[in-house]
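A quick write-up on the structure given underneath.
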Amino acid sequence: MAEAESRLTVTLALCANVGVGILKLAAGLITGSAALLSEAAHSAGDSTTEVLLLVAQRRSARPADRSHPFGYGKERYFWSLLAAVAIFVSGAGFAFYQGLRTIFGPDEASSHLWINYPVLALAAVLEGISLRQAAGQMQKERARTRSSLRAYVARPRDPTVNSVLLEDAAAMVGISLALAGVGLHQLTGSAVWDGAASLAIGALLLGVSGVLARACQALLVGRQADPRLLTAVEKFLEDRDEVLDLVDVLTMMVGTDSVLLCARVDFIDDLTASDLEEACVRLDEELRERFGELGEVFIQPASRGDAALRERVAARYGHALADEP
């Protein structure tokens, strides 16, 4: 269900961006407005982004196989990173060029500036519809994961929804900047305002691209799961009768809702080899049943008295997970 809604969010954003992009381009060519041309490039960049996000959703849904035993979930992060770069290459670069050309280049007569206003108004309506869809899905995801807005944007589980949300929000700001630039140009007769609006749009796109790229980078490198999941897993394992202590726990996001878990556990000493095998299998099943986001679970018997292991854990988390022996 969440996957279908995510696909709807991206598709709706793509349709909105293609439509408003054509309108902005036509208005920019007719009036010669650098801000409108920059906004057209903005929409082109966003459209490219949505196409890449649709590719990400399709390719990341492929099941695990021999060459990719943990599945293809990280493909979503790769294509989302390319989408973030596309915003900069196709949008920000062109906006900077148009702004600098308008400010420092020869004066060019502008006419029919009034055309820009209804185009920007219609663009705001279409972008607003897309933004509402993305914001609605964001609220559902935030409620499901109990995340703050800042945490959701900085540490997204699904970068495709995060991308659309930030793009649409940036589009609304970009429309406001373009409206201000065109209005001041018409009011003062100076095209500098138009060029300044174009530069501001370029800076906006660069900022959004950086935020998206940083989030995707963390996921590609191998970001750990939500700390609340780690805490819940630690408590669950340490409450088991056969477990003496949890020595180490390693997690990594391998997909939108798929977490790889590796746990090193100190079991009670009177377990036989057969008992230990049965305990590992049972804990594996119980963990998957209790925490639906766990994709693969590896449980390794370990001693909490292993000094080298405790040092590695302390170096990673700032403290040893296991109690002092």
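When 27, 40, 34, 61 are screened for being among the small types (Gly, Ala, Ser), over 21 Å from residue 208 (Cα atoms), more than 23 Å from the chain's Cα centre (by Cα) and assigned by TED's automatic domain parsing to the domain that holds residue 208, only 27 passes. Say we look at region 216-258 and pick out the residues that are surrounded by fewer than 21 Cβ atoms within 10 Å (Cβ to Cβ), touching a helix residue (DSSP H, G or I) at 6+ places or on another chain (Cβ under 6 Å) and not charged (D, E, K, R); which of these is modelled with the lowest pLDDT? Of everything passing the filter in region 216-258, 220 is modelled with the lowest pLDDT.
Could you identify the single residue in 186, 224 that is touching a residue at least 24 places away in the same chain (Cβ under 8 Å), within 30 Å of residue 313 (Cβ to Cβ) and of a type in the set (S, T, N, Q)?
After applying the criteria, what remains is 224.
Check whether at least one residue in region 69-76 is surrounded by 24 or more Cβ atoms within 10 Å (Cβ to Cβ) and part of a helix (DSSP H, G or I), and report yes or no. Yes, region 69-76 contains a residue that is surrounded by 24 or more Cβ atoms within 10 Å (Cβ to Cβ) and part of a helix (DSSP H, G or I).
The listed residues are 10, 55, 51, 18, and the only one of them that is surrounded by fewer than 23 Cβ atoms within 10 Å (Cβ to Cβ) and either in contact with a Ser or Thr (Cβ under 7 Å, 6 or more places away or on another chain) or among the aromatic types (Phe, Trp, Tyr) (or both) turns out to be 18. Going by what's in this entry, would residue 183 be described as crowded, with 16+ Cβ neighbours inside 10 Å, out of contact with any Ser or Thr (no Cβ under 9 Å at 6 or more places or on another chain) and part of a helix (DSSP H, G or I)? Yes: the conditions hold for residue 183.
When the residues of region 105-123 are filtered to those that are part of a helix (DSSP H, G or I) and surrounded by fewer than 17 Cβ atoms within 10 Å (Cβ to Cβ), which remaining residue is modelled with the lowest pLDDT? Ranking the candidates gives 114 first.
Taking each residue of region 42-53 that is farther than 17 Å from residue 98 by Cβ and in a helix (DSSP H, G or I) and looking for partners that are among the β-branched types (Val, Ile, Thr) and at pLDDT 85 or above with beta-carbon atoms closer than 7 Å, six or more apart or interchain, yields 47/18. When the residues of region 276-325 are filtered to those that are part of a loop (DSSP other than H, G, I, E, B), charged (D, E, K, R) and in contact with a Leu (Cβ under 8 Å, 6 or more places away or on another chain), which remaining residue is surrounded by the fewest Cβ atoms within 10 Å (Cβ to Cβ)? Top of the filtered list is 293.
The values are calculated or read from the model by the stated rules, or taken from the named source; none is laboratory data. The structure displayed is predicted, hence computed values, not measured ones. In this analysis, Cβ positions are derived from the backbone assuming ideal geometry, glycine residues included, and neighbour counts consider all displayed protein chains.
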